[in-house]
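Q: What follows is a structure written as structure tokens; I'll ask about it next.
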Amino acid sequence: MEPNESTCRICGGRVREFFDFGRQPLSDYFPSEEELDNEFFFRLAVGMCATCTMVQLLEEVPRDRMFRYDYPYHSSGSERMREHFAATARRLIDTELTGQDPFCVEIGSNDGVTLRTVRDAGVRHLGVEPSGGVADVSRAEGIQVRTAFFEESTAREIVEEHGCANVIYAANTVCHIPYLDSVFRGVDALLAPDGVFVFEDPYLGDIVEKNTFDQIYDEHFYLFTARSVSLTAQRFGFELVDVERLPVHGGEVRYTIARAGRRQPSPRVGELIAQESRRGLADLTTLEKFGAQVGRVCWDLVARLRELRDLGFYVVGYGATAKSATVLNYAGIGPDLLPCVYDTTPAKIGRRLPGSHIPIRSAEEFRAPYPDYALLFAWNHLDEVQEREAEFTKQGGRWILYVPEFRIS
Ligand code: SAM
Ligand code: TMP
Ligand code: ZN
């Protein structure tokens, strides 16, 4: 095996690298002052399997390093995402959880942002969430949750205790799980004969089209397409029966999977796979071109930040996102170019961004006094952040975006 190759986690085929982001830290570990010398690093490189087309990382970070008691990401931190998940839950309740005493399992239920609505509807539910802190937050709200990683053994325990699930749902979690073989065997054990496994994750088609390269980080082990998900489902006796494009997080797809032959697939599935072929999403050359664009955008960002600093402008970051780790560590941007970043998450405030060690301050302090420019790492929450910080632009401040390329808005 060459250093720029690995073995596909889905089919055992050859994964060929198309971009290397170099040495990167855990994206969701925000070190305190005392922890700065003990950070964990790995090589963040991404490739595509020549056999099943699944895009995946070449190196895997051990799951217990990423999903710990103090995992800092709280899904309920965004109002728009709260609305998105409430609407998702209501739709599942109205369409799939309609029989006698239905049961809904969520993989990666985090702080209960989706199951809250399921609980309110009086529907039997269980979250499976390995990060103890967020699991405790949802438990305190009366949501049923098991602190565990979802895999085959967990699924077998659940079916033993609670019976089959009519819906197994996951958002921004299935792409985090390298051991999808075990997940699918678990779904096979737990799902009712006519049940559905529904999951939504960042879509490779949007990542390439909008150059949202910072969606690539330790936790996002897979970048899915309808084609790669469909082939994976088939390997485990399932079928991709519906796809829906979603506007959240810069563009996602919601995949609906059923046991093979149990449901009539929607024409949308074939249409999206055909569109992916036309766009060359399964061709290594398309992905290599995307990689070259990533390099250009990052070097341009560094040059523009230097220019603004040398002109005497005060530029800060906004949103201590996991995504920011990729761009900052790849481009080598540190506190000399970006002295601090503002965020609303209590667990992040007072700590440092991983790798770059840029200090994180409370969003309350953003206004004291306003900077000249703010580089928006939470670009997926642009509307919500702009609304919250309307006074910043009223007072002459400007937002900087770096995807698809550098832009002062
Ligand atoms: N579903 C929420 C959302 O979309 O906002 C949370 C997404 S968060 C990025 C990923 C979540 O998946 C974390 O809470 C993490 O602890 C959880 N997770 C990671 N591996 C898991 C596994 N094998 N089984 C269940 N949850 C897992
Ligand atoms: P995400 O892009 O992974 O969802 O993370 C968003 C981060 O941005 C999270 O740390 C919370 C933060 N944030 C703010 O600081 N202000 C806001 O208005 C919003 C919506 C998020
Ligand atoms: Zn493969």
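What follows is calculated from the coordinates using simple rules that are stated; it is not laboratory data. Nothing here was measured: the structure is a model prediction, and the numbers come from that model. Every residue, glycine as well, gets a Cβ built from its backbone with ideal geometry; the counts of neighbours run over all protein chains shown.
Q: Hey, fewest Cβ within 10 Å first, where do 313, 67, 406 land in order?
A: 313, 406, 67
Q: Mind checking the dipole of segment 79-285: about its Cα centre, +1 per Lys or Arg Cβ, -1 per Asp or Glu Cβ, Debye to the nearest 20?
A: The calculated dipole for segment 79-285 is roughly 480 debye.
Q: Just grab the label-to-label distance for residue 161 and residue 148, each label 7 Å out from Cα along the Cβ direction, in nm (one decimal).
A: 0.6
Q: Right, here's the next one. Using packing as a proxy for protection, rank 105-116, 333-344 so that the peptide with the highest average count of other Cβ atoms within 10 Å comes first.
A: 105-116, 333-344
Q: Using the alpha carbons of segment 246-381, what is the convex hull volume per residue in cubic angstrom, as a whole number?
A: Value for segment 246-381: 161 Å³ per residue.
Q: Restricting attention to the chain, give the cysteines that have no other cysteine Cβ less than 4.7 angstrom from their Cβ.
A: Unpaired cysteines in the chain: 104, 164, 175, 298, 340.
Q: Here's another thing I want to ask about it. Can you give me the relative contact order of segment 127-249 as a percent, contacts being Cα pairs under 8 Å and 6 or more apart?
A: 21
Q: Ratio of Rg to Rh for segment 234-309, alpha carbon only, Kirkwood?
A: Taking Rh as the inverse mean 1/r over Cα pairs, Rg/Rh reads 1.20.
Q: Rank these for me by crowding, 349, 408, going from fewest to most other beta carbons within 10 Å.
A: Lowest count first: 408, 349.
Q: Between the helical axis of 152-162 and the dominant principal axis of the chain, each derived from Cα atoms, what acute angle in degrees is found, rounded to the nearest 10?
A: Approximately 60 degrees, to the nearest ten.
Q: Ok, one more. At what distance in angstrom do the alpha carbon centres of segment 237-264 and segment 51-69 lie from each other?
A: Taking the Cα centre of segment 51-69 as reference, the centre of segment 237-264 is 22 Å away.
Q: What order, most packed first, do the peptides 49-61, 260-272, 139-151 have when packing is the mean number of other Cβ atoms within 10 Å of each residue?
A: Going from most to least packed, we get 49-61, 139-151, 260-272.
Q: Could you tell me the distance between the Cα centroids of segment 372-406 and segment 156-198, to the nearest Å?
A: 39
Q: With 37 Å as the cut-off, how large is the P(r) tail for the chain, expressed as percent of Cα-Cα pairs?
A: When every Cα pair of the chain is considered, 22 percent fall beyond 37 Å.
Q: Another question, if that's okay. With Rg and the Kirkwood Rh both taken from Cα atoms, where does Rg over Rh land for segment 79-285?
A: When Rh is taken as the Kirkwood radius, the ratio is 0.95.
Q: How far, in degrees from 0 to 90, does helix 79-95 lean away from the longest principal axis of the Cα atoms of the chain, to the nearest 10?
A: Here the helix axis deviates by roughly 10 degrees.
Q: Restricting to lysine pairs 8 or more places apart or on different chains, what number in the chain have Cα atoms under 25 Å apart?
A: Lysine pairs, 8 or more places apart or on different chains, close enough: 4.
Q: For segment 16-90, calculate the relative contact order in percent as a whole number, restricting contacts to Cα pairs under 8 Å that are 6 or more residues apart.
A: This gives 28 percent for segment 16-90.
Q: Which order do peptides 80-91, 10-21, 166-177 fall in by mean Cβ count within 10 Å, highest first?
A: 166-177, 10-21, 80-91
Q: Let me ask something else about it. Taking the 0 to 90 degree range and rounding to the nearest ten, how far is the long axis of helix 226-235 tilted relative to the main principal axis of the chain, both from C-alpha atoms?
A: Roughly 40 degrees, rounded to the nearest 10.
Q: For 96, 244, what's the fewest-to-most ordering of other Cβ within 10 Å of each Cβ?
A: Fewest-to-most Cβ neighbours within 10 Å comes out as 244, 96.
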